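Where a number appears in this text, it was derived from the coordinates with a stated rule and is not lab data. Nothing here was measured: the structure is a model prediction, and the numbers come from that model. Neighbour counts run over all protein chains shown; Cβ positions are idealised from the backbone, glycine included.
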Amino acid sequence: MVRQSLEAYLRGDIQRAFDSIAAAPATVSDPRFFTYRAHLLLTIGRVDEAAADIERALRLAPNNADALSLQTIIAVVRGDRDQALDIAQKAVQAAPNSATAQIALSYAQQARFDLEGARTSVEKAVALDPQNALAWARLSELSASFGDLGRALRVAEKATSLQPNLSRTQTVLGYAYLMRVQTKRAREAFERAITLDQGDPLPRLGLGLAKIRDGKLHEGGREIEVAASLDPGNAIIRSYLGKTYYEEKRTGLDEREYAVAEQLDPNDPTPFLYDAIAKQTTNRPVEALHDVQRAIELNDNRAVYRSRLLLDADEASRSASLGRIYSDLGFQQLALVEGWKSVNTDPTNFSAHRLLADSYAVLPRHEIARVSELLQSQLLQPLNQTPIQPRLAESNLFLLSAGGPSALSFNEFNPLFNRNGIAFQLSGLGGENGTYAGEAVLAGIYGKAAASLGYSDSRTNGFRVNADQKDRIGNAFVQLDLTPDTSVQAEYRYRQDERGDIVQRFFKDEFSRTERNTEERNTVRVGARHNFTPGSIVLLSLAWQNADVRLTDKDVIPNILPGSFATVKRPEKSFSAELQHLFRSQYVTVTTGAGFFDIEGRANRVFGLNIPGLGFITTDDTVRLNLSHYNLYSYANIHPFKTLTFTLGLSGDITEGDSQDVAGKREINPKFGVTWNPLPDTTVRLAGFRMLKRTLITNQTLEPTQVAGFNQFFDDFNGTTGWRYGGAIDQKITRDLFVGVEYSARALDVPFIGPTDVEREATDEQFGHGYVFWTPHPWVALRAEYQVERFKSPGHHGQPARVDTQRVPFGVGFFHPSGFSAVVRETYINQDVQLEEARNSRAGHTDFWLTDAQISYRLPYRYGLISVGATNLFDRDFRFSERDLNNPTIEPARFVYARFTLALP
């Protein structure tokens, strides 16, 4: 009777297996019978009946290892981790050579976050019973949880070869194929598993995911609906069903499934995270903030499904989502804090670097840090169909940086599922001063390849005479996954920029009516990533650039020698190569790398002086600007405790060549930082480090951009050296109230090329920032900040001797679930400036208020966003010295604009 049932079970005929033992007499006293029947009952989810059979078996044989093993599994499912471990250990003691007991112990260990122990127990199980297909299937699961996809597939194939007619082995094999994007084989395995056991929801879920990956969203969604109907109490399946409805734009149904999943398993952060994303894209950022905070609090409970190593990657992804929500609310400082925490938790996580890249866009003089984080994100990213906006990888966008289409959050309309298909984004802007901008991006993914093609065109007449700008950018990007562990990518970028004198200076008469600047750059980049293990990754980046930079001024000395002119032509050919290794373990992460940068360039200078009575006197010379730069670095984030991180680093730079401001350097730069969480909602950061402003290709580098959250790559003059010291504290008082303060100082040695030699000036900078962010209502976000920046130098070479700037921005944001939102920001600015000129000093003081406002509407079904707004709404006339020469922070005149973004499908 039992033998017939077992044979039917091994053939995958669960119903016949039950039928074969249905006539068992009530007087059965063999504990093996009750253990076997309990096993069958568990396979179809009848837990209470199985528990009763297990109790009967244990009354007959208290140390029956098989019964104790099944009891362990029930305890794990019910969330009683301590009891599960106690029972599993008792089973192993009762039968040390039982593979079943070792498998049960692995589940108990995994529930307690001991993933290494769980893997060791399963390895013992397969050693004790090499013919146990379920043991091999379990080992495949754990191998996948550690990111070892190759071993996961090999072990799954072993399990299937032993028992090809078990739904369980076919299901595990299907997931092993799916994680390697071998979707055809995955579908075959899942369909075989479904044939073997029509009532098993897991192969239905897998089949749905495989179809979605192939671009068949509707078909895949229906399979996941079937999986949910087979096991309505499975929170994970409910979360995936919610994701499916989100992708199908069935608004409301997705949040319903997330809510059900949250009720079924309140300790699983997955539905909270996806629910937050859904709420964010339906204009409910405050509610989204609450959900993501809850997801992070629950993060460790995902250890049941993921290894500790990959669990921390989950935390980084959730922090990245949290940072995105902070940005929508206008809480920019908190977005930065979450970005730094994400990168320090997992430097291999692409979404953490993406968050920092987006967050740095709002900070002055952070262009190098922004585009460098973008480069690191691109090299680490998996295949995706997210459109790559051409402007994102370009630094120094000048006047068009603040109001262009790229102001929209990069990941605003991203899909939750990677699947074959095409995505299209179109953005446009029109505003005062003849300002127009447009951007179109087409991206797609097919199998193991992804590509993106984009073009951007922006132009403005500017805020005064000769402050116009025209900027055209194009890019093409392709990425190919050669294996699950190896990815290669290539990118081509083109940029043509023309502008006048756009620098905003304190004294309004200080500008040129005739200066013109043009740039044309062609850049090719090739990159690669190889994962030796999930905690050991190598990145390679190679870049070539041809650049032609020109400056002309038809009246360079208008008040003294009218008609005198100057022309500077600077052609350059550049090459860079960077190699980086990322190592990650539970207690330490190490980022080590080396780079080589080579520039072949020259400056052709022509000066024509119109001297009365003598006519034009012209001089012409050529200066070579060749430079080779070698750098090495190593950074370690050491985590002796979960709440404490020490950052230790050292970098070295060697330069040689003709470029006087940078060549001939031999620099050693120590780095030190501390990040401490004395309380769960308190973050303290301290840092001190030395840095060198290197000459970079496209302003991008793989070297870490920050130490304990303090940026080390500012947009300084090439060859600038110095030290930075800083401290900060960020406090979450409640889930709706956040406060923080930060202070740092930089002591710099800045080079200036003089007529005959390089002169260096000592420059001091101080930065202070405090903030209060509050969400008193699900529709309302309030913020108040204080920012101070002090700059001091000798005042030569066109630099001001002193600039003290204080800003006090206040902001109110209103977000209605219907899709409408409104943001108003009032900023008080107070500035003192002193200039040291050849014959006298000029000093000035200014203080004024600026008002910025914007009204937006999110189109239904995430099709896009429309905004109308104004900066400097009341057209305030003021004097101001802009410290960020490449990306102005305020508008000197009223700028009214309308902007739209459309996203398809």
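Modelled spin labels at F717 and D30, positioned 7 Å past Cα toward Cβ, are 9.2 nm from each other.
Taking each residue as 0.36 nm, the span from V741 to R59 lengthens on full extension beyond its C-alpha to C-alpha distance by 239.1 nm. Backbone geometry of the stretch 606-623 corresponds, through the Karplus equation with coefficients 6.51, -1.76 and 1.60 at θ = phi - 60°, to 3J(HN,Hα) couplings of 10, 10, x, 9, 8, 9, x, x, 10, x, 7, 10, 10, 10, 9, 9, 10, 10 Hz, x marking Gly and Pro. Tell me the relative contact order for the stretch 191-285 as a rounded percent, counting alpha carbon contacts under 8 Å between residues six or more apart. For the stretch 191-285, the relative contact order is 19 percent.
Evaluated over the stretch 2-234, the count of Lys pairs having alpha-carbon atoms less than 22 Å apart is 5 (only pairs 8 or more residues apart or interchain). When a/c reaches 1.5 or more, the comparison of a/b and b/c decides; with that in mind, is the stretch 417-526 rounded, prolate or oblate per its Cα gyration tensor? Prolate shape, in that a/c is at least 1.5 and a/b is the bigger ratio.
Inter-part distance, the stretch 447-465 to the stretch 194-237, computed on C-alpha centroids, equals 40 Å. Once you list every other residue whose beta carbon is under 11 Å from the beta carbon of G649, what net charge do they have if Lys and Arg are +1 and Asp and Glu are -1? Every neighbour counted, the sum reads +1.
Working note: 222 nm ellipticity from helices only, DSSP H runs with n ≥ 4, each -39,500 (n - 2.57), summed and divided by the residues of the chain, gives -10000 deg cm²/dmol to the nearest 500. Computed extension length for T643-R250: 137.4 nm, one decimal, from 0.36 nm per residue of separation with the Cα-Cα distance subtracted. Our summary gives the stretch 235-305 a relative contact order of 28 percent, counting only alpha carbon pairs under 8 angstrom and 6 or more residues apart. Of the residues F34, L230, L115, the one whose Cα sits farthest towards the positive end of the charge dipole of the stretch 2-234 is L115 (charges of +1 on Lys and Arg Cβ, -1 on Asp and Glu Cβ, taken about the Cα centre). Nearest 10 degrees, 0 to 90: what angle lies between the long axis of helix 65-77 and the longest principal axis of the chain (Cα atoms)? For helix 65-77, the angle is close to 40 degrees.
Computed packing ranks the peptides 645-658, 667-680, 174-187 as 174-187, 645-658, 667-680, most packed first, by mean other Cβ atoms within 10 Å. For the chain, the longest principal axis of the C-alpha atoms and the axis of helix 253-264 are separated by about 60°.
Note on T851, T720: ascending count of other Cβ atoms within 10 Å places them as T851, T720, the fewest first.
Rounded, prolate or oblate: pick one for the stretch 1-129, where a ≥ b ≥ c are the square roots of the eigenvalues of its C-alpha gyration tensor, a/c under 1.5 means rounded, and failing that, prolate if a/b is larger than b/c, else oblate. In terms of gyration-tensor shape, prolate.
The dipole here belongs to the stretch 332-904: it is taken about the Cα centre, uses +1 on the Cβ of Lys and Arg and -1 on the Cβ of Asp and Glu, and is about 940 debye. If R0 is 41 Å, the Cβ-Cβ spacing of T846 and F820 corresponds to a FRET efficiency of close to 0.70.
Report the calculated FRET efficiency for A762 and T552 (r = Cβ-Cβ distance, R0 = 30 Å), to the nearest 0.05. It comes to 0.35. Just want the answer: with Cβ charges of +1 for Lys and Arg and -1 for Asp and Glu, which residue in T705, G727, P670 is farthest toward the dipole's positive end in the stretch 651-734? Towards the positive end, the residue furthest out is G727. Take 370-383, 118-131 and order them by the average number of nearby Cβ atoms within 10 Å per residue, most first; the result is 370-383, 118-131.
Remark: for residue pairs K279/K732; K341/K573; K569/K671; K508/K573; K573/K693, the C-alpha separation exceeds 27 Å in K341/K573; K569/K671; K508/K573.
Per residue, the average separation of C-alpha pairs within less than 8 Å and at least 6 apart gives the chain a relative contact order of 7 percent. Here the stretch 512-667 is assigned +1 on the Cβ of each Lys and Arg and -1 on the Cβ of each Asp and Glu. Its dipole about the Cα centre then comes out at about 480 debye. With the charge dipole of the stretch 235-305 set up from +1 on Lys and Arg Cβ and -1 on Asp and Glu Cβ about the Cα centre, the Cα lying farthest toward the positive end among the listed residues A259, P271, T281 is that of T281. Between L859 and G864, L865, I866, the built amide H atoms are under 5 Å apart, and every one of these is 5 or more places off in sequence or on another chain.
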